[in-house]
Amino acid sequence: MTQKKILVTGAMGQIGSELTEELRRRYGSENVVATDIRKPDGKLAESGPCDVLDVTDRAAVFTLIKKHEINTIYHMAAILSATGEKNPALCWNVNMNGSINIMDAAVELDLGTIIIPSSIAAFGPETPRFDTPQETILKPKTMYGVTKVCGELLGDYYVKNLGADIRGLRYPGIISSETLPGGGTTDYAVDIFYKAVEDGKYTCFVREDTMLPMMYMPDCIKATIDLAEADKENLLHCCEYNLSALSFTAANLTEEIKKHIPDFKVSYQPDFRQAIADTWPASIDDSAARQEWGWAPDWDLESTVKDMLEKLRARS
Ligand code: NAD
Ligand code: SER
């Protein structure tokens, strides 16, 4: 079997940072190159090869892939929903041109599996809100969501017409303890833990009845690598797998944290991100992922909250 030589883009981000560590554990540190537009530092820089890479710089993408003899890519570089609404042109440029550069490299340099994440942001207000089906209406209202739908369609095109092996998941909001989220609408579901431990109070930027699909980082990493490792023959979809683990309101999350920190106080002051959250589903039907590559989550809300608080308290 060919040795995997893996490139992670956006490796300094919330998902990329933990994904890189797990890939290095599995495939050998020297075989996983962590890159980001920001200079990689800390644990990421100490544990294996790193480089600065702007994914919108096509020549730099091709040069780096050749230099490290990369054959597998986890493309995590992106501009997320909230930052994307503040700077739609940047969001389009990074998410679309960055992804096109990666997809073109996959074809022109004859690479193996490429993971390009999509998001629940691909959906919109016309999409069924509960148990959102795999095949459904995709009319997002954010620039971020537009780039995610375009990325899915483009990925399908590259797979069907150009022979690339591109795979993608519609991640829900990701909860994690190691790297702070990078400018999304679901960031409150991470921020709340830090504030609970540090201050005992939190001002939440969505209403208490806001219900969104979420997932704990260990499940996100498992899903991502499992999809990359799945037998291609079994994949009837490719770039747009629905993925589900948890669905809760901001109030449900507060109540679960209060079981551990009874005096925790949360107030709700919705800002512009409420309007984004209101266009996204509350829960997701991920039966295609379950059937085609054996996806099943390990973490529920209770175990996620307990583990998050233990990890953050140990560091405080
Ligand atoms: P993040 O914002 O935490 O990290 C993205 C990284 O990309 C950052 O480190 C940033 O410096 C880097 N970056 C920005 N512009 C770049 C460029 N031009 N070239 C190279 N790097 C650049 O994002 P994340 O949460 O880790 O998301 C990873 C992927 O998962 C993205 O595709 C995102 O849309 C998707 N996703 C994330 C979530 C979530 O809740 N975290 C949910 C759904 C989908
Ligand atoms: N967590 C992401 C965001 O809020 C969803 O894709 O932007």
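The values are calculated or read from the model by the stated rules, or taken from the named source; none is laboratory data. These figures come from a predicted structure and were not determined experimentally. Neighbour counts run over all protein chains shown; Cβ positions are idealised from the backbone, glycine included. Each accessible area value is taken on the protein alone, full model and side chains, heavy atoms only, with ligands, DNA and RNA left out. Shrake-Rupley method; radii C 1.70, N 1.55, O 1.52, S 1.80 Å.
Test Val159 against the stated conditions and say whether it is open to solvent by 10 Å² or more (accessible area, probe 1.4 Å), free of Cβ contacts under 8 Å to residues at least 60 places away in the same chain and either away from ligand 1 (no atom under 12 Å from the Cβ) or not in a loop (DSSP other than H, G, I, E, B) (or both). So Val159 does not fit the description; no. Scanning the range 1-34 for residues that are over 16 Å from the mean Cα position of the chain (by Cα), of a type in the set (Val, Ile, Thr) and farther than 21 Å from Pro218 by Cβ gives Thr2, Val33.
Look at (1) out of contact with any Gly (no Cβ under 6 Å at 6 or more places or on another chain); (2) within 15 Å of Tyr171 (Cα to Cα); (3) open to solvent by less than 30 Å² (accessible area, probe 1.4 Å); (4) not polar (S, T, N, Q) and you find that Met308 fails only one, number (2). If the condition is being more than 16 Å from Leu80 (Cα to Cα) and within 14 Å of ligand 1 (Cβ to nearest atom), then the range 3-16 contributes Leu7, Val8. Being surrounded by fewer than 19 Cβ atoms within 10 Å (Cβ to Cβ), closer than 21 Å to Thr132 by Cβ, charged (D, E, K, R) and modelled with pLDDT of 95 or more narrows it down to one of Asp209, Asp231, Asp263, so name that one. Checking each option against the conditions leaves just Asp209.
Going by the structure shown, is Gly183 at pLDDT 95 or above and either within 8 Å of ligand 1 (Cβ to nearest atom) or of a type in the set (Lys, Arg) (or both)? Yes.
In this structure, does Val94 turn out to be open to solvent by 10 Å² or more (accessible area, probe 1.4 Å), among the β-branched types (Val, Ile, Thr) and within 16 Å of ligand 2 (Cβ to nearest atom)?
Here the answer is yes, as Val94 does meet what is asked.
Taking the conditions exactly as written (open to solvent by 10 Å² or more (accessible area, probe 1.4 Å), in contact with a Gly (Cβ under 7 Å, 6 or more places away or on another chain) and at pLDDT 95 or above), does Asp51 satisfy them or not? No, not satisfied. Taking Ile225 as the residue in question, decide whether it is open to solvent by less than 10 Å² (accessible area, probe 1.4 Å), under 18 Å from the mean Cα position of the chain (by Cα) and among the β-branched types (Val, Ile, Thr). Against the criterion (open to solvent by less than 10 Å² (accessible area, probe 1.4 Å), under 18 Å from the mean Cα position of the chain (by Cα) and among the β-branched types (Val, Ile, Thr)), Ile225 qualifies. Total residues in the range 84-100 satisfying the condition of being within 13 Å of ligand 1 (Cβ to nearest atom) and either in contact with a Phe, Trp or Tyr (Cβ under 8 Å, 6 or more places away or on another chain) or modelled with pLDDT under 95 (or both): the figure is 3.
Tell me whether the range 16-24 contains one or more residues that are surrounded by fewer than 18 Cβ atoms within 10 Å (Cβ to Cβ), free of Cβ contacts under 8 Å to residues at least 12 places away in the same chain and of a type outside the set (Gly, Ala, Ser). Checked the range 16-24: no residue is surrounded by fewer than 18 Cβ atoms within 10 Å (Cβ to Cβ), free of Cβ contacts under 8 Å to residues at least 12 places away in the same chain and of a type outside the set (Gly, Ala, Ser). Within the range 51-77, the set of residues being under 23 Å from the mean Cα position of the chain (by Cα) and acidic (Asp, Glu) comprises Asp51, Asp54, Asp57.
Restricting Ala89, Ala77 to residues that are in contact (Cβ under 8 Å) with a residue 24 or more places away in the chain and closer than 30 Å to Gln274 by Cα narrows the list to Ala77. Among the candidates Thr72, Thr56, the residue that is within 12 Å of ligand 1 (Cβ to nearest atom) and of a type in the set (Ser, Thr, Tyr) is uniquely Thr56. When Tyr171 is tested against the conditions (1) open to solvent by 10 Å² or more (accessible area, probe 1.4 Å); (2) touching a Lys or Arg at 6+ places or on another chain (Cβ under 9 Å); (3) within 11 Å of ligand 2 (Cβ to nearest atom); (4) under 30 Å from Glu108 (Cα atoms), the lone failure is (2).
Taken over the range 274-301, residues that are more than 14 Å from Asp219 (Cβ to Cβ), assigned to a helix (DSSP H, G or I) and open to solvent by 50 Å² or more (accessible area, probe 1.4 Å) amount to 2.
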